[in-house]
Structures are given as C-alpha cells and as structure tokens.
Amino acid sequence: MKHGNPLFYLLKRLKWPVGLIIIAVLISSLGSLTGLVVPFFTGKLVDKFSLENINWMFIVGFIGVFILNAVLSGLGLYLLSKIGEKIIYDIRSVLWRHIIHLKMPFFDKNESGQLMSRLTDDTKVINVFISQKLPNLLPSVLTIIGSLIMLFIMDWKMTLLTFVAVPIFVAIMMPLGKKMQKVSMNTQTEIANFSGLLGRVLTEMRLVKVSNTEQLELDNAHRNLKEIYHLGLKQAKITAIIQPISGLIMLLTVAIILGFGAIEISTGAISAGTLIAMIFYVIQLSAPLINLSTLVTDYRRSVGASSRIFEIMLEPTEPLDVQKQRNIRDGSLVFNKVDFKYDDSPVLSDVSFKIPTNKVTAFVGPSGSGKSTIFNIIERMYEIERGQITYGGKSIYDLTLADWRRKIGYVMQSNSLMNGTIRDNILYGINREVTDKELILYTKLANCHDFIQEFDEGYDTVVGERGLKLSGGQRQRIDIARSFVKNPDILLLDEATANLDSESERKIQDALEVLMEDRTTVVIAHRLSTIKKAQQIIFIDGGKVTGKGTHQYLMETHEKYQQFVSTQNLTD
C-alpha cells in the first residue's frame, strides 16, 4: 500500500490549530510587508535629506515603521514557532501512542534503544524543520516577492539582469537536496543502531562485566560512531557548498546592481536614493534566499527521518478498548486444533486440550516444547495460525482484549518490575483504589510484608531498574502480591523456583497455594508436588500434546512422562 510522502503522512494524522495558524500567518505577513517599506523610505530619505531642511515627521514615521516591523516580525515568528512546537508534540504523542499499542512480535524484532532513537532523534530532525525552518517560509516568500516587485517598479531592466543567477542556483540546489535526504536517512539509521547498542549494553551491564567484553562493546560502538561521524561530514560538505554559493550569488547580484546603477545615475535615469533602495532590497533578499535554500535540504532531512517513523506507523496495533469494562462470563478454556508459527518456524501443531474452571492444570514437557508459547497465546500476545480458542464457549478473539487481560494474572519466571517503589510495583495496572490495610493483607498472603518492612523506606523503597535491588525470591513474591491485588479469574504460573534458596522457595510455594485456591490455574510445573496436586496434567513434546490425565494415569500409560519424572529429577 502506497502512502506517498512519509512526512505528509505523519502531518495528516495530526489535529492542526487552524485559528492560531491564521492569526500567525496574518501577523507574520504584516511584518514582512512593513519590512518592504523600509528600503523605500531609506531611498526617499537619501534623496530628500538636507541639513538645512530636516523633515522630522518623515524621520519619526521612518523610525515608527522600523519598530512596527520588528514587533510584527517577532510576534509572527513566535506564533509560527509555537505552531511548530505543538505539531512536533503531537507527532511524538501519536508515535508513542502507536508504539505502546503495537503487537508483541514487533518488540521481539526491534531493540528498545532503536525505538527510543526514533521517538527522540528522528522527531528532533523533524522538529528543526517544522518549528524552526518552516515558520520562516511565508515571511521569506513574501519578502522575496515584495522585494522583486519593488525592484521591478524602480528599474525593471536592472532587475531582469539579476535573474541570470537564479537558474544556476536551482540547478545546484536540486541534486544537493536529494543527496542530503539520502545522507540523513543513513544518519538516522546509524543513530538508531547506536541507541540500540547502548540500550542493550546498559541493561545487561552485569553480563558485560562478568564476560570481560567491555572492549568488544567499545569496538562495536566505535564502528557506529565512526559511521555517524563520516555521515555528519557528508552533511557538513553539502551545507558548506550551499551557503557560500548562496552568498556568492547575492554578491554577484549586488555587483550587477552597483555596476549598472552607476551607469543609470550618470545618465540621470535613476537617483542615488533609488540605487541605495535597490541595494537594500537585494540585501533584504539574502536572508530569505538562504532560508529557502537550507529549507530544501532540511525538508529532505526531515523526509528521511520520517521514513522509519512512517514504517512504524504502518505496523498493526492491538485492538485495545480500556475505557469500557465488560464482564466476561467464566467457563472452560479450550484449545481446538491450534497451530502457531513464529515467523516461518512451526512451534505448536494441532494442539487441543480443555482447561476446566477453578481447577489446576499443569503443563509438563521438555524445554522448548511450547509451554511458554501456550501462555503467551492465552494472553493474546501472539495470534494463532489455525484452530480455535474458546472461553465459556466464546472465541477469546471475540472478547475485548483489555477485558480479557483483566481476567488473567501471570506470575512469571522473569519477575518483571518497573523502576519505582515497591508500592508502585504491587499496584501497577490496578485500576481501583487500594487501601494500605488491604495492601498489607495481600503482601502478608504473598509472604513479602516482613522483608518490605525491613527496608528503611518500607513500601516506598525504590527497587531499581528491573528490580535489581531485590533478590530473585523477593521479586517473585512481589509479583505474587500483585496477582493477589488483581484477583484474576485465570492464573498463569511459571513455577520456576529452582534457582532460589530453600527458604524463599518454601515461602513462595506457601503464597502460591493460597493464591491458587478457587481459581482456574494453569501451571508450567517444575515440582513433583505441584504436578501431583494438579487435577489435570498436559504433556507437551515438540509442540504437540502427547498425553493428558492425572499423574497416576500418565505414570501408567505415558512412557515419556515416566522418563521425564525420573530423569528431570523433579523435586518434592
């Protein structure tokens, strides 16, 4: 699907402040028009000036026009810049809103550092064009047109001679503008790659230090930085060509006017004041012409920067509707002949099972067999290729996504925590008022109240990035406390406690047993005691269901399950 210019595509998605634009355009236009009167008044002043007969009214009017021009130009530029800033604010808001609603496969393929670069660095390039360069467009155009009209009125023959340089100027600017766009796109890509590397290394700094790979990561960064440096030099070369050429053309124009003007004065065709006025108009043309020349290159750069943003905006989003809450009737969760691929790699094939209400179902199987994928599919992080998944007889894809996820609590092996206080993390995503009394009750049930109280700041203790100030067992218990507060109907447990000490493991198991009461619970089981307590065990092997039943039944009928229980050394 073609959408044309990526910058225009972005701008079409915004709500424009029409009233403010009209006012700003009118004021800046008046500022440019008053600026056109200044050289004319200067010429008249030169022709009429005499020490014996000073016209004070004319001088006062002349100064008044200067002041009015300064006030109108300044106010107009401020209002146009305000519009530019508002537009770039809207672009960043629209982009962030889109990114946060993208589907999970997008985040699997894109590094967080690169996405941050798109939000900050790419939008910064667009910001320079929209809030700084674009506001000068209308005043510059009005000044150029008005100055040319005045020049034609004063002496049309001399003005026509100045146009000799214009085709040369355009012929140089067009290819340079295209070159600038290409260099800008490459620059933004390299900056995004560098941001991606920074994000990856900074979040895994412990791994870098333990692995002694500081020099490797420095070398990787230097490669990126050198490429950014060379691309920056290319941009500097283009700018270094454009600006002197603009100045040279201006000097050439002034030289033409001075040369032919001197001849015109000697023949009496024009006065000295007219010549001075014409030189003023030509000088007044210089700034707008330079603005327009750099506007083209900055426009090309902003189009280049918006190309990757444009690609992100075309990515499909999740259909979230968080405003309206609807109750979903409880029932059994049923997978019926489900196939799932990750990219082109099959992960699940013809998977069918039923998870009954308010009972414990345990998934068991070798590592990489598809257990965690099933959890992700239940949460609707990924969409299935074929088959059907129903809850209470209704397809989960017909349920509102936000309502469906409200029904699910997930205690993960990774224990995701945000950099904030313990209180913030326990209440993260809870859309109701929770009293301190209620919070303490749930943290006691999750066996984490005691260790929280041992911190100087208690519940206001900051946990650090990804909760690194807490131990693995502490993070998991806070995760469990969050599920207590959420009170989900379906509980997904990745019961990985093998890497914890025996005391933490016992406390977590006690907390989980309380949490699992009277709830539809689905467990990726790592403990024999959990497997034995499950009303149903589903054995997953190579993305297929190869056995279903109780522990006793599978021990009697499923050879691979018997081997798994004995060889995996499952703990009691």
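The values are calculated or read from the model by the stated rules, or taken from the named source; none is laboratory data. The structure displayed is predicted, hence computed values, not measured ones. Using ideal geometry, Cβ is built from the backbone for each residue, glycine included, and neighbour counts are taken over all protein chains shown.
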Margin query: It is to be established whether one or more residues within the stretch 307-317 are in a helix (DSSP H, G or I), surrounded by fewer than 14 Cβ atoms within 10 Å (Cβ to Cβ) and out of contact with any Phe, Trp or Tyr (no Cβ under 6 Å at 6 or more places or on another chain).
Written below: yes
Notebook entry, point to check: Is it the case that some residue within the stretch 531-543 is out of contact with any helix residue (DSSP H, G or I) (no Cβ under 7 Å at 6 or more places or on another chain), in the same structural domain as residue 384 (by TED's automatic domain parsing), surrounded by fewer than 16 Cβ atoms within 10 Å (Cβ to Cβ) and closer than 23 Å to residue 346 by Cα?
Noted result: yes
Note to self: So in the stretch 75-93, with the set limited to residues that are free of Cβ contacts under 8 Å to residues at least 40 places away in the same chain and out of contact with any Ser or Thr (no Cβ under 8 Å at 6 or more places or on another chain), which one is farthest from residue 308 (Cα to Cα)?
What the structure shows: 78
Item checked: Only one of 302, 293 that is surrounded by 19 or more Cβ atoms within 10 Å (Cβ to Cβ), of a type outside the set (Lys, Arg) and at pLDDT below 80 -> 293
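Quick check on residue 280: is it more than 28 Å from residue 188 (Cβ to Cβ), part of a helix (DSSP H, G or I) and touching a Phe, Trp or Tyr at 6+ places or on another chain (Cβ under 9 Å)?
Values: more than 28 Å from residue 188 (Cβ to Cβ): yes; part of a helix (DSSP H, G or I): yes; touching a Phe, Trp or Tyr at 6+ places or on another chain (Cβ under 9 Å): yes.
Yes: the conditions hold for residue 280.
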Notebook entry, point to check: Here is a list of conditions, (1) part of a helix (DSSP H, G or I); (2) surrounded by fewer than 18 Cβ atoms within 10 Å (Cβ to Cβ), and residue 193 meets all of them except one; can you say which number that is?
Noted result: (2)
Notebook entry, point to check: Among the helices (runs of 4 or more DSSP H) confined wholly to the stretch 73-182, which include 1 or more residues that are more than 25 Å from residue 246 (Cα to Cα)?
Noted result: 104-109, 112-117, 123-127
Next item on the list: Determine if the stretch 95-115 includes at least one residue that is under 17 Å from residue 9 (Cα atoms), hydrophobic (A, V, I, L, M, F, W, C), crowded, with 17+ Cβ neighbours inside 10 Å and in contact (Cβ under 8 Å) with a residue 40 or more places away in the chain.
Entry: yes
Margin query: Of the residues 258, 202, only one is in a helix (DSSP H, G or I), farther than 30 Å from residue 144 by Cβ and modelled with pLDDT of 75 or more; which?
Written below: 202
Notebook entry, point to check: When you scan the stretch 362-379, how many residues do you find that are closer than 20 Å to residue 565 by Cβ and under 28 Å from the mean Cα position of the chain (by Cα)?
Noted result: 0
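So if I check each of 249, 270, which one is outside any helix (DSSP H, G or I), surrounded by 13 or more Cβ atoms within 10 Å (Cβ to Cβ) and at pLDDT below 80? Steps first, please.
On the way: 249 fails: outside any helix (DSSP H, G or I).
Among 249, 270, only 270 is outside any helix (DSSP H, G or I), surrounded by 13 or more Cβ atoms within 10 Å (Cβ to Cβ) and at pLDDT below 80.
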Check: Any idea which of 518, 510, 479, 489 is within 27 Å of residue 202 (Cα to Cα) and acidic (Asp, Glu)?
Finding: 479
Notebook entry, point to check: Do we have residue 264 as touching a helix residue (DSSP H, G or I) at 6+ places or on another chain (Cβ under 9 Å), buried (at least 18 other Cβ atoms within 10 Å of the Cβ) and in the same structural domain as residue 29 (by TED's automatic domain parsing) here?
Noted result: yes
